[in-house]
Amino acid sequence: MSAMEIEREVNRSQMQVSDKVAIEIKDMNKWYGSFHVLRDVNLTVYEGERIVIAGPSGSGKSTLIRCINRLEEHQSGQIVVDGTELSSDLKNVDKVRSEVGMVFQHFNLFPHLTILENCTLAPIWVRKIPRKEAEETAMHFLEKVKIPEQANKYPGQLSGGQQQRVAIARSLCMKPRIMLFDEPTSALDPEMIKEVLDTMIELAEEGMTMLVVTHEMGFAQQVANRVIFMDAGQIVEQNEPTEFFNNPQSERTKLFLSQIL
Ligand code: ADP
Ligand code: MG
């Protein structure tokens, strides 16, 4: 497993954590049928935090972040996102989806739409933003992820790293306050990982609240203010990165780190 070198100087002074709560998860449990996948999860995320979630495959990392934007439903406990409790009320789901962007391992772009159309689809049809304005916003974010010249191509004509940067730009077009990333670089060739991590570092430097499931421990060390270790559906341990990597507390964390570092 690579601990990708981040050559870029990370500007930590911009990355302030506020005392305002962005996400509050209390005693949350989730089952898939009879399988108890998330167990008594408690987590408070403050605005401006960059949290890396690590842990072995199958530990529930994806399920946890999918619960936060209601791609999955929890069965007990509470999830409150930016003051809105996730419940069966669909209005709340809409509100939360509009505030929380998500980037997946497999970019999930629409293959039959151009890059620009991928970025304007939801703003036009969900947010009812006029097409011209949506296109201007899309170009702004495509410039930000450094691929404005690809706007009229189709996803299949782009490299994996470029497609993932489009996926990030597409999320940003909805002006989210929180971004969730589920192994955003796991499907990429090594030479493309850096360009995606660089984009994520820029977002962090701009103060975006980010939850990132990743095996890129270099990113965790340099960008995260907190690393959470999950195993078997539980948050086993969490700490600021230096302590987390140099002084892991639980045996499960030690074993995990010995396998990936
Ligand atoms: P991670 O992202 O840490 O690898 P996941 O959240 O994807 O873990 O999965 C946690 C556990 O839940 C795994 O045992 C997985 O097989 C199981 N699981 C994931 N999605 C489903 C589903 N839709 N239905 C049933 N079991 C699932
Ligand atoms: Mg996963």
**Prompt:** Taking the Cα centre of region 1-139 as origin and charging only Cβ (+1 Lys, Arg; -1 Asp, Glu), how large is the dipole, in debye to the nearest 20?
**Reply:** 280
**Phi to ³J(HN,Hα) by Karplus 6.51 cos²θ - 1.76 cosθ + 1.60 over region 133-140, Hz, x for Gly, Pro** = 5, 4, 5, 5, 4, 4, 5, 4
**Prompt:** Local charge sum around LYS254 (other residues, Cβ-Cβ under 15 Å, Lys/Arg +1, Asp/Glu -1)?
**Reply:** -3
**Request:** Once you've got the GNM for the chain with C-alpha springs shorter than 10 Å, pick whichever of MET28, MET179, MET208 has the biggest mean-square fluctuation.
**Result:** MET28
**Message:** Could you give each residue of region 225-238 its phi-based ³J(HN,Hα) in whole Hz, using Karplus coefficients 6.51, -1.76, 1.60 with θ = phi - 60°, and x for Gly or Pro?
**Reply:** 9, 8, 10, 10, 10, 10, 8, 6, x, 10, 7, 7, 7, 8
**Fill in**
Looks like region 127-220, by Cα gyration tensor root eigenvalues a ≥ b ≥ c and the a/c under 1.5 rounded cutoff (else prolate when a/b is bigger than b/c, oblate otherwise), is oblate
**Message:** Nothing charged except the Cβ atoms of Lys and Arg (+1) and of Asp and Glu (-1): what's the magnitude of the dipole of region 142-203 about its Cα centre? Round to the nearest 20 debye.
**Reply:** 340
**Asked** Let a ≥ b ≥ c be the square roots of the eigenvalues of the Cα gyration tensor of the chain; is it rounded (a/c under 1.5), or, if not, prolate (a/b larger than b/c) or oblate?
**Response** oblate
**Complete:** The helix 251-260 Cα axis meets the longest alpha-carbon principal axis of the chain at an angle in degrees, between 0 and 90 and rounded to 10, of 40
**Prompt:** Among CYS67, CYS119, which comes first, second and so on when ranked by fewest other beta-carbon atoms within 10 Å?
**Reply:** CYS67, CYS119
**Prompt:** Mind listing the phi-derived Karplus ³J(HN,Hα) values for region 20-29, rounded to whole Hz, using 6.51, -1.76 and 1.60 with θ = phi - 60°, and x for any glycine or proline?
**Reply:** 8, 7, 9, 9, 10, 10, 10, 6, 8, 10
**Item:** On Cα atoms only, tilt of 160-172 relative to the major axis of the chain in degrees
**Value:** 90
**Prompt:** Non-local amide H neighbours of VAL37 (under 5 Å, H modeled in plane, Pro and chain starts lacking H): which ones?
**Reply:** LYS30, TRP31, TYR32
**Complete:** A student applying the Cα gyration tensor rule (rounded when a/c is under 1.5; otherwise prolate if a/b is larger than b/c, oblate if not) would label region 1-128 rounded
**Prompt:** Could you give the angle, 0 to 90 degrees to the nearest 10, between helix 90-99's Cα long axis and the longest principal axis of the Cα atoms of the chain?
**Reply:** 80
**Fill in**
For the table LYS30/LYS194; LYS30/LYS128; LYS146/LYS175; LYS132/LYS194; LYS95/LYS254, the rows whose alpha-carbon distance is greater than 28 Å are LYS30/LYS194; LYS30/LYS128; LYS132/LYS194; LYS95/LYS254
**Of SER159, ALA169, LEU71, farthest towards positive along the dipole that unit charges on Lys, Arg, Asp, Glu beta carbons give the chain** = LEU71
**Prompt:** Of GLY77, GLY48, GLY233, which is the most mobile in a GNM of the chain whose springs link Cα atoms less than 10 angstrom apart?
**Reply:** GLY77
**Item:** Net length gained if the chain between ARG127 and GLU191 were fully extended (0.36 nm per residue, minus Cα distance)
**Value:** 19.5 nm
**Prompt:** If amide H atoms are built 1.01 Å from N in the plane of the peptide, which residues on other chains or at least 5 residues away come under 5 Å of the amide H of ALA22?
**Reply:** VAL45, TYR46, GLU47
**Prompt:** For region 16-135, with the dipole built from +1 on Lys and Arg beta-carbon atoms and -1 on Asp and Glu ones, taken about the Cα centre, which of LEU86, THR120, VAL37 lies farthest toward the positive end?
**Reply:** THR120
**Item:** Order of TYR32, TYR154 - criterion: other Cβ atoms within 10 Å of each residue's Cβ, fewest first
**Value:** TYR32, TYR154
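Each reported figure results from applying straightforward, stated rules to the coordinates on display, with no laboratory input. Because the structure is a prediction, the values reported are computed rather than measured. Neighbour counts are summed over all protein chains in view; Cβ atoms, including those assigned to glycine, are modelled from backbone coordinates with ideal geometry.
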